[in-house]
Amino acid sequence: MRKLIKNRGYTDKLYFFNFCTVHAIIVAILVITALGGVLGLTDLSPLTDIPQWAYGELGIHTGFIVWKAKAENQRKYRFGRDGQSYKEDEVAPVQPVEEMEETDYE
C-alpha cells in the first residue's frame, strides 16, 4: 500500500488521506454511539451533523479531482468531437444546446 501511495501525485495523496480521515471519523462516531451508554453519554445529537459535513467535503474534493482531470485532458488532447484540432490557447468549443420551445402555461 505504501508503494502505491508513494508513486502518486500530490492531489492523489491528498485525496487518499482525506478519504481515510473521513472514514476514520465515521468509525469513531459509530464506536462512540455504540459505547454511549457505557460511557454515560446522554445526548449524542451533535454527532449527527458530522457525517453529512464530512461526506459533503469529500464530495467536493471528488468533484475537484474530476474537474482537474477533465481540464488536464482537454489541454493534453486538443481534438473536438469532429476530429479537427484547435489552437493551443483555444479550448474546444461547447456544442450548442437545442433551445426549448416556449409554451404558455395558462
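The values are calculated or read from the model by the stated rules, or taken from the named source; none is laboratory data. Predicted, not measured: the structure shown is a model, and the values here were computed from it. Cβ: placed from backbone, ideal geometry, glycine included. Neighbour counts: every protein chain shown. The area values use the complete protein model at the heavy-atom level, side chains included, leaving out ligands, DNA and RNA. Shrake-Rupley method; radii C 1.70, N 1.55, O 1.52, S 1.80 Å.
A few points about this structure:
- Matching residues in region 38-61 - criterion: being open to solvent by 50 Å² or more (accessible area, probe 1.4 Å) and assigned to a helix (DSSP H, G or I): V38, L39, S45, P46, T48, D49, I50, Q52, W53, Y55, E57, I60
- Here the condition is being modelled with pLDDT of 55 or more, over 30 Å from V22 (Cβ atoms) and open to solvent by 90 Å² or more (accessible area, probe 1.4 Å); of E88, E102, it holds for E102 alone.
- A Cβ distance below 9 Å, combined with a sequence gap of six or more or placement on separate chains, defines the contacts here; from region 49-62, residues that are touching a residue at least 40 places away in the same chain (Cβ under 8 Å) reach residues that are among the aliphatic types (A, V, I, L, M) in the pairs L58/V22; H61/L14.
- Filtered residues of region 25-37 (kept if in a helix (DSSP H, G or I), open to solvent by 60 Å² or more (accessible area, probe 1.4 Å) and either free of Cβ contacts under 8 Å to residues at least 12 places away in the same chain or among the acidic types (D, E) (or both)): V27, L30, V31, A34, G37
- In region 1-24, residue surrounded by the most Cβ atoms within 10 Å (Cβ to Cβ) [restricted to those that are touching a helix residue (DSSP H, G or I) at 6+ places or on another chain (Cβ under 8 Å) and among the aromatic types (F, W, Y)]: Y15
- Of the set (1) among the β-branched types (V, I, T); (2) modelled with pLDDT of 85 or more; (3) surrounded by fewer than 11 Cβ atoms within 10 Å (Cβ to Cβ); (4) over 20 Å from the mean Cα position of the chain (by Cα), all apply to V94 but (2).
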